[in-house]
Amino acid sequence: MLSEAKKRSLNRDGYEGGLLVDEMTIQEDIQLKKRGNEFEIIGFVECCDESVYMNKLMGKSDLKMATHVLQLLFLGITGFRFPVGHFATLQTSPAELYSIFREAVKMLGVFGFTVLYVSMDGAQNNRLFMKMLLPGNELNSIKMKTMKIRNIYDQNKPDICIIMDYSHLMKNIRNNISKSGNTNKHTKHLMYKGKDIFWEHWCKAYLWDTSNNALKIYQKLTNDHFFLNPQLKMRNALAEDVLNSDMLHLMRKYQESLPDQEKNSLNSSIELLEITSILVKKFRDQRPIHEYADQRLSENKLLLSWFRTWENADGLCEKNLISQQTREDTVSLLIGFDEMCKDRFSRSCGSIIASYINSDSIENIFSQQRGLHNGANTNPNLLTYNHAINNIILGQTTVSRKCNTGESGAQVYSDQRQPLKSIQ
């Protein structure tokens, strides 16, 4: 990783970035790997040493087959990315994740890289891990004040901020809305300012657009956006498409087409879309932020205030709100990103691109593991994962050509013709 950074003439800012953490399911399988004249058994859980010692102290000496791989990826604020390690696990426990995270921060620091933030999805183990990192800070969407911790290995380095993944957050918000309705099949009944927020409003707007307009107002929408199955719920783009400014525009046009007595029924759905469209625009914006006074950062406080106002509204029960986990993720994203930018601009005159702050890069690695390098194998075993990660390192780019983490002129690792241009 350090050799690659030097070969690309990475500027000083490129050595600072985030640590992305995510897990992927693998096959429970035993394979033999030859090392010289000996064979090594691959497929058992191989996590941190602390976990092994603790299991021995508890009298647990049996070997268990790995069901997941925990992947760690460093993503610099200029777009430089590199997978720094992966571990065979049984869905990593918070204690194991804590030990691995601390070791990763330490080792990256040894080689000159600085971790400014850690990004992960809202899984339960990740929440417990976040609670371990923030002792004494109650994980409550109303009371959460800070999302940063000290770098215990080097007090001269900046604090590390905890930023919940934006892409997973948008899917969670969409999933909460899709569960909202007034039938027995719906588990939510979202309300704001006395008005309903129903998934039916989105569906009716889409059906009105397709049946009444020869040239659709919102061209991207399809049935896949509204008739969701478990696979479609995992696609980031489908969630963002129904929460962005284009959906807001369609909803407003649909409201105008309704009779006067029905127009007000969409007010709260439209107001929620006004907020989510700002989130989408903010965290998919590839324009760099150069100073803490940037208007896009000031919007953080407005968004945070809106979600907390909704949560504090009188007469609402848990069924009328998006889930507690989603509210916590929203607060973590907004506070963590704001604190990271504030600390960054107090030390440097560089820039931050908000569209980099997500887990898309690590999801790209998982996509290559399942498809590109394993013949559309949706569930590789540990040995094939180990082989494929080397192919990914050698074959992909330090800054992606296709995703939102870099420019189109990025070069593959093995290409030594020209250094990578730094992104300003």
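Computed from the coordinates by the stated procedures, all read-outs in this text should not be read as laboratory data. Just so it is clear, the model here is predicted, and its values are computed rather than measured. Positions of Cβ are generated from backbone atoms using ideal geometry, with glycine treated the same way; all protein chains shown enter the neighbour counts.
Observations on the structure shown:
- GNM result for the chain, Cα springs below 10 Å: residue of CYS47, CYS203, CYS317 fluctuating most strongly: CYS317
- Over the range 170-330, relative contact order from alpha-carbon pairs under 8 Å, at least 6 apart, %: 29
- For the chain, averaging the sequence separation of C-alpha pairs within contact (under 8 Å, six or more residues apart) and dividing by the residue count gives a relative contact order of 20 percent.
- Net charge of neighbours whose Cβ lies under 14 Å from the Cβ of LEU190, counting Lys and Arg as +1 and Asp and Glu as -1: +2
- Full extension of the chain between TRP208 and LYS6 yields a length gain of 67.2 nm, computed as 0.36 nm times the residue separation minus the alpha carbon distance.
- Modelled this way, with points 7 Å down the Cα-to-C-beta line, the labels at ILE41 and SER93 are 2.2 nm from one another.
- Residue with peak Gaussian network fluctuation, the chain [Cα springs, cutoff 10 Å], from THR67, THR330, THR309: THR309
- Each DSSP beta bridge with both residues in the chain is either parallel or antiparallel, and the antiparallel ones are about 75%.
- Note on the range 170-330: the alpha carbon radius of gyration divided by the globular reference 2.2 N^0.38 Å gives 1.06.
- Candidate lysines for bridging to LYS281, where Cα separation is under 18 Å - those fewer than 8 sequence places away on the same chain excluded: LYS171, LYS220, LYS301
- Label assignment, log10 I(q)/I(0) by the Debye sum over Cα atoms at q = 0.07, 0.14 Å⁻¹ derived from the structure, set [x] -0.44, -1.23; [y] -0.34, -1.32; [z] -0.38, -1.38: [z]
- For the chain, built as a Gaussian network whose Cα springs stay under 10 Å, the top-fluctuating residue of PHE87, PHE283, PHE111: PHE111
- Calculated from backbone phi, Karplus (6.51, -1.76, 1.60) coupling profile of the range 144-151 in Hz, x at Gly/Pro: 4, 10, 9, 10, 10, 10, 6, 7
- Estimated from helical segments only, the mean residue ellipticity of the chain at 222 nm is -13000 deg cm²/dmol, where each DSSP H run of four or more residues counts as -39500 (n - 2.57).
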